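Single-structure report; data block below.
The values are calculated or read from the model by the stated rules, or taken from the named source; none is laboratory data. Not measured: the values here are computed from a predicted model. All Cβ positions, glycine included, derive from the backbone under ideal geometry; neighbour counts span all protein chains shown. Please note that ligands, DNA and RNA were not included when accessible areas were found on the heavy atoms of the full protein model with its side chains. Shrake-Rupley method; radii C 1.70, N 1.55, O 1.52, S 1.80 Å.
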Amino acid sequence: MHILVTGGAGYIGSHTIIELIEAGHSVVAIDNLVNSSKESLKRVGEIVGQEIPFYEVDIRDREGLEKVFASNKFDCAIHFAGLKAVGESVTHPWEYYENNIGGTLVLVDVMRKHGCKNIIFSSSATVYGNPAMIPITEECPKGHCTNPYGQTKSMLEEILTDLHTADVKNADPNPWNIVLLRYFNPIGAHPSGRIGENPNGIPNNLMPYITQVAVGKLAKLHVFGDDYDTHDGTGVRDYIHVMDLANGHVKALTAIEKKCGVAIYNLGTGNGYSVLDIVNTFSEVNGVEIPYQIDPRRLGDIATCYADPAKANRELGWKAERGLAEMCRDSWNWQKNNPNGY
Ligand code: NAD
Ligand code: UD1
């Protein structure tokens, strides 16, 4: 298939492009580079042995998108572009709604004008809020999102679903096919160590914080709470290797090919690991000590969150293959080879 990858220069997008090309698809990447650099796509090109066609375009820029669609006939869009910093979304909600929702509305409008009504959307386990069941299946009701970032994911799921529903009601002969992928906690990097997660400023998420402590950029890890109802008191999450996540998008294309209507899949491993499990595994696998101190809980955090990924396995034939040791090894391999990112 010929695929438009929005946000293709970012962390998950760049890894997914490798998997798409290795599976025989062709891609065009677009990105406004607000949270990434062209260097990632240059390196992806080196890894796959071909240049990645790239347009520096903002998804809110209708004319810019029109130009991309005028010279390409896409079968599907994989839509990663968006702002993703939870804390920043609380202090700058307008920017999050305008970029993530406004941008997606422009994108889908241009797509439908050009007859491309297949989209795979990057959603998040955050839509479950404080989940009503563990492990979390796709049937678990959506919960209250405590921040605008999470709200944009939840709202976009509804907006995209409404597009499909309307097509069915209107007996549209070419209805939307929409795959909503709810990611759990992506970590790790391509095994080459050439591309990886490259956050701006001080990382908010656990693994990039740990790797920056390991490389000496940060003094110690702050563990947010050790009084949760978990095996060691620290928060439990479902960490998934970014290459497994990337492969989930290739598999999601099979749902699009089968004209899935609206299909929702959790992309997680089904295993929950605590903050201290991650710290200990990272230290063991890489032989690097991670100094840490216990701090109070972070506002909005929950105790435990992990997926039941059986539906993606059953319907897409997808399963996460890589374990925690490999995730820790690849995260460190990327950081130590690229102490200052791109
Ligand atoms: P990322 O920031 O590395 O990638 C997103 C890319 O989108 C960046 O390259 C950024 O420059 C680009 N972008 C942002 N706004 C844009 C716009 N208006 N026009 C064009 N490009 C724009 O983030 P990521 O970790 O690769 O995440 C990809 C997607 O997955 C995001 O939608 C994110 O919300 C979602 N997601 C990520 C995680 C995670 O833990 N990383 C978890 C769940 C969901
Ligand atoms: C966060 C976001 C969530 C988003 C997800 C993936 C918040 C509140 N939630 O989830 O919306 O979908 O990333 O991008 O930001 N931790 C520490 N010290 C740190 C960092 C984290 O102890 O410096 C702990 C957290 O308390 C948590 C675990 O590590 O228990 C994972 O945290 P993080 O990587 O930020 O992911 P989530 O909070 O699961």
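Data table
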quantity: Filter pass, CYS140 being within 15 Å of ligand 1 (Cβ to nearest atom), more than 23 Å from HIS15 (Cβ to Cβ), crowded, with 18+ Cβ neighbours inside 10 Å and without any contact (Cβ under 8 Å) to a residue 24 or more places away in the chain; calculated: no
quantity: Extreme residue, nearest to LYS259 (Cα to Cα), among residues of the stretch 177-217 that are open to solvent by 30 Å² or more (accessible area, probe 1.4 Å) and aliphatic (A, V, I, L, M); calculated: LEU206
quantity: Lone qualifier among ASN118, ASN130 - being open to solvent by 20 Å² or more (accessible area, probe 1.4 Å), touching a strand residue (DSSP E or B) at 6+ places or on another chain (Cβ under 6 Å), touching a residue at least 60 places away in the same chain (Cβ under 8 Å) and not β-branched (Val, Ile, Thr); calculated: ASN118
quantity: Filter result for GLY193 (closer than 17 Å to ASN247 by Cβ and in contact with a helix residue (DSSP H, G or I) (Cβ under 8 Å, 6 or more places away or on another chain)); calculated: no
quantity: Sole exception among (1) within 11 Å of ligand 1 (Cβ to nearest atom); (2) open to solvent by less than 10 Å² (accessible area, probe 1.4 Å); (3) over 22 Å from CYS116 (Cβ atoms) for LEU156, by number; calculated: (3)
quantity: Subset of the stretch 1-35 [over 14 Å from the mean Cα position of the chain (by Cα) and open to solvent by less than 30 Å² (accessible area, probe 1.4 Å)]; calculated: ILE3, LEU4, ILE18, LEU20, ILE21, VAL27, VAL28, ALA29, ILE30, ASP31
quantity: Close pairs (7 angstrom Cβ cut-off, 6 or more residues apart or separate chains): modelled with pLDDT of 95 or more in the stretch 295-317, of a type in the set (D, E, K, R) and open to solvent by 50 Å² or more (accessible area, probe 1.4 Å) anywhere; calculated: ALA303/ASP229; ASN313/LYS319; LEU316/LYS251; GLY317/LYS251
quantity: Lone qualifier among GLY261, GLY248, GLY233, GLY225 - being open to solvent by less than 40 Å² (accessible area, probe 1.4 Å), under 30 Å from ASN174 (Cβ atoms) and either over 19 Å from the mean Cα position of the chain (by Cα) or among the aromatic types (Phe, Trp, Tyr) (or both); calculated: GLY261
quantity: Unmet criterion (only one of (1) closer than 26 Å to THR16 by Cα; (2) in contact (Cβ under 8 Å) with a residue 12 or more places away in the chain; (3) within 9 Å of ligand 2 (Cβ to nearest atom)) for LEU221; calculated: (1)
quantity: Subset tally (residues that are away from ligand 1 (no atom under 16 Å from the Cβ) and part of a strand (DSSP E or B)) for the stretch 293-306; calculated: 4
quantity: Those residues of the stretch 36-73 which are open to solvent by 60 Å² or more (accessible area, probe 1.4 Å), free of Cβ contacts under 8 Å to residues at least 40 places away in the same chain and of a type outside the set (Ser, Thr, Tyr), in sequence order; calculated: LYS38, LYS42, GLY49, GLN50, GLU51, PRO53, GLU56, GLU63, LYS67, ALA70
quantity: In the stretch 309-340, the residues that are farther than 14 Å from VAL288 by Cβ, part of a loop (DSSP other than H, G, I, E, B) and not polar (S, T, N, Q); calculated: PRO309, GLY317, TRP318, LYS319, ALA320, GLU321, ARG322, GLY323
quantity: Total residues in the stretch 1-23, condition assigned to a loop (DSSP other than H, G, I, E, B), farther than 15 Å from GLU51 by Cα and within 14 Å of ligand 1 (Cβ to nearest atom); calculated: 2
quantity: Every residue from the stretch 1-26 that is aliphatic (A, V, I, L, M) and over 13 Å from HIS79 (Cβ atoms); calculated: MET1, ALA9, ILE17, ILE18, LEU20, ILE21, ALA23
